């Protein structure tokens, strides 16, 4: 067949297939045009999810009749004054949106330039352009799109239900609203106002706008970010590790005011939270990157949804560093949603009948020696008199004796009169140990419940990381080396990485077919470590990673495994000095609000929240 030029109408329909795949894409393009026009208020009206009607009204600079005619021509734009695609300063610059929409729908533009005494209207139906006619309209522009895709019926088959399409439209407007808090936005469908976001100028306004979109609890659980490196500035907010979602949908990225999706940034966020958020959960972040226009290419996707950074390594390092610094500065903080979940659980069972106590086995294992971290800190707190007996009832209350072991045992301790200021600490003073697992501490205005295993796991993990950074983890020899049967494949994987494991304080050697002998363990873990369990877990991890993965690339995960096996276990009875030592170490350790697996280490309840449970306020 001979080569020929396609007719302009068909060219525009092909472009529409790339740019306008659904009503939300058309809304995004039209709202971006309004923002580029300097609008301070944008109102979007929909019918049937945008398929029957999309109307976008703004109070921007407006257009005169000649500009109306040019605006619907292919590749006509006012946003490249010097024809430079390297320094793009506007959201829309291709000049494809209006002609593409007009080729597949019934498009009407009505506009009045600021300072003009008259308005004009122009219609484009299925690619056929009309002539400008006088109209009545305030300063600004109104774009009406009716019967979207009527000229391309095949596209209609791919649209979802009106409700689904409305959801996509809401998301598109919300992302633009987060990037431009100084502009007011409204979305109305079938007379119902779905969005009404008032203009919120200033830095405080940006956080308030984010809270409107992401959720009211975002502001209380987000850490501010502000970092700059080599002319690239990162600002925004990163959610606390315990404030997370099931998907990455609540991770927002804006580059020079443009909402985009970028795999590089998603990977950087995952790396920054790698040892504080569970693998199947995703943190909530809103990141704003500002950099010179020639350092980023926004022209790599027809819908301008992706960008390409000139120095991607610099951007990634800036994001990881800023988030990790903010998380470390947060210390032992956990999100308010943890406390809200606890209150919800307590409220749901407040009036239910108590469960029947489980039968006790009648046997209690002797307490193991305290791990080195707690033993040292507890010794330093020796002036605090030890409790008279952890299994004794609280003085003044006629309670039956505590069970000798099992899940029903509660260890009660008297308040340490020697340290009246203990309640002023962020995590308060230890008052009791419940079920040999949870420490109850009293603060000046409430109480804190601490999961002793999760908390100590984080402390050990941070100590191991610090020791690695200082040259290696100190090893402690076992009095009796442990011989562990693993199978030939598992043993071979461990022996292959024996040198790298030695830097972590774990010394092992081959010991016949399918076995290894462990001669040293990290000194931080102490002698009570479950060495066979630790080695088997490491062997399983190495099997998952494969032979091509170097241990140095997975040091964080190995450290987490070591910490898990070396921390205070659930069911370990602690003395008062040990409990308070744990609380003080948590307050001084970064990221101690969650364990290595992303679970919260403690729950804080204020006195007002407790009183509300009992109807006292």
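Here are a few things to note about the model shown:
- Take each peptide in 477-490, 43-56, 459-472, count the other Cβ atoms within 10 Å of every residue, and average; sorted highest first, the result is 43-56, 459-472, 477-490.
- Residue 496 versus residue 290: modelled label distance in nm, points set 7 Å from Cα along the beta carbon direction: 5.0
- Sorted ascending by nearby beta carbons within 10 Å, beginning with the fewest, 230, 147, 196 become 230, 196, 147.
- Label separation (residue 21 vs residue 190): 2.7 nm, computed from points 7 Å beyond Cα along the C-beta direction.
- The value of relative contact order for the stretch 203-330, using C-alpha pairs under 8 Å at least six residues apart, is 29 percent.
- On the beta carbon distance between residue 444 and residue 314, with R0 = 41 Å, the FRET formula returns roughly 0.35.
- For the stretch 203-330, diffusion coefficient by Stokes-Einstein and Kirkwood Rh (Cα), 20 °C, 1.002 mPa s, µm²/s: 145
- Taking 103, 312 and counting other C-beta atoms within 10 Å, the order from fewest to most: 312, 103
- The mean sequence separation of alpha-carbon pairs under 8 Å and at least six residues apart, normalised by the residue count of the stretch 451-508, gives a relative contact order of 40 percent.
- Inter-label distance, nm, simple model (7 Å from Cα along the C-beta direction), residue 480/residue 136: 9.8
- Cα Rg over Rh - the stretch 114-187, Kirkwood: 1.05
- A Förster radius of 22 Å, combined with the Cβ-Cβ distance separating residue 423 from residue 614, puts the computed FRET efficiency at roughly 0.55.
- When 254, 150, 185 are sorted by how many other C-beta atoms sit within 10 angstrom of their C-beta, beginning with the fewest, the order is 150, 254, 185.
- Tail fraction, Cα-Cα pairs, the stretch 8-197, threshold 32 Å, whole percent: 8
- Sites residue 435 and residue 488 - FRET efficiency at Förster radius 51 Å, r taken between beta-carbons, to 0.05: 0.75
- Values of log10 I(q)/I(0), in the order q = 0.17 Å⁻¹, for the stretch 424-485 under a Debye, Cα-only, solvent-free model: -0.78
The numbers here are math on the coordinates, done by the rules we state, and not lab data. Here the structure is a predicted model, which means the values were calculated and not measured. All Cβ positions, even for glycine, are placed from backbone atoms using ideal geometry, and neighbour counts span all protein chains on display.
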